[in-house]
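Accompanying notes for the structure given below.
What follows draws every value from the coordinates through simple rules; no lab data is involved. Computed from a predicted model, the values in this text were never measured in an experiment. Don't worry about glycine lacking a Cβ; one is built from the backbone with ideal geometry, like all the others, and counts go over all protein chains shown.
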Amino acid sequence: MVLSNTPGRKFLSTLSSRYSKPRAAVVISAHFETSDAGVVTDPAPQTIYDFGNFDQRLFGIKYPAPGHPKLADEVFNLISDAGISVSKVAKRGFDHGIWVPLSLVWPEADVPIVQLSIDPEQGPNYHYHIGRALRSLPKQNIAVIGTGNISHNLPVLLSSGRNQQRDAEFKRRVQNFLEWFDAEIDANNVDNLLSYRDRAPFSSDNHPTDDHLLPLYAAMGAAGDKFKGTKIHQSFDFGVLAMNASEFAPATST
């Protein structure tokens, strides 16, 4: 994405104009996995190239945003106070789930970042409650960001058997899944969203595993009990990989 002229890249490159710059961000990446909630206290994270067989120019990109140990301590305490097992990770660089999107959103790398892991053995409900534990942070002008994919089926994407007919059928399944997700977010239907695996159409086709969807639940939880969810971008890479983005904010009473 960072080197390609795609709709997703264009969206991220202009996203900062939509919001005032936060004083820091807590970022939950689908590519940072631990067996509990892991909070990175590293004051100067390095850039991690956690991929292979990609354009060699990617390995020359660095994203030197600072960490924020004091905020990391606050995140640790908020999660611990919520009764959730949490640990501190002293050294952890920015994986591509962080530096790829954020190098487009904040290319100056001047927003301090605290990294927070997912636990792939836990499901949406766990990660939603992680987010709920952090719901005081947006009031302090601290962004809570989840990075993953609204659909993520790499075996289909990389299949040698892809053809126009199969792609059309799979994209139909992706579209049905996205429409369901959009409607449930718009309706603030947390119970259905947390049970997406059983209730959403074609859930296994879009997510053979939960990992790339889990950060969304943390971001959703950080918006509070009643949130307003808004889809702010939709596009596809490689024909079948949805690159949607949503924002969550506390719902205003009417």
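Side notes on the structure shown:
- Candidate set: the range 226-243, residues that are touching a strand residue (DSSP E or B) at 6+ places or on another chain (Cβ under 7 Å) and surrounded by 19 or more Cβ atoms within 10 Å (Cβ to Cβ); chosen: the one nearest to residue 216 (Cα to Cα): 229
- Looking only at the range 145-187, residues that are outside any helix (DSSP H, G or I) and either surrounded by fewer than 12 Cβ atoms within 10 Å (Cβ to Cβ) or within 19 Å of the chain's Cα centre (by Cα) (or both) come to 14 in all.
- Considering residues of the range 129-144 that are assigned to a helix (DSSP H, G or I) and among the aliphatic types (A, V, I, L, M) only, the residue farthest from the chain's Cα centre (by Cα): 133
- Within the range 67-88, the set of residues being closer than 16 Å to residue 118 by Cα and out of contact with any helix residue (DSSP H, G or I) (no Cβ under 9 Å at 6 or more places or on another chain) comprises 72, 76.
- Selection status of residue 181, touching a helix residue (DSSP H, G or I) at 6+ places or on another chain (Cβ under 6 Å), farther than 23 Å from residue 35 by Cβ and of a type in the set (Phe, Trp, Tyr): no
- Within the range 51-95, the residues that satisfy the criterion of being assigned to a loop (DSSP other than H, G, I, E, B), under 21 Å from residue 111 (Cβ atoms) and charged (D, E, K, R) are 62, 91, 92, 95.
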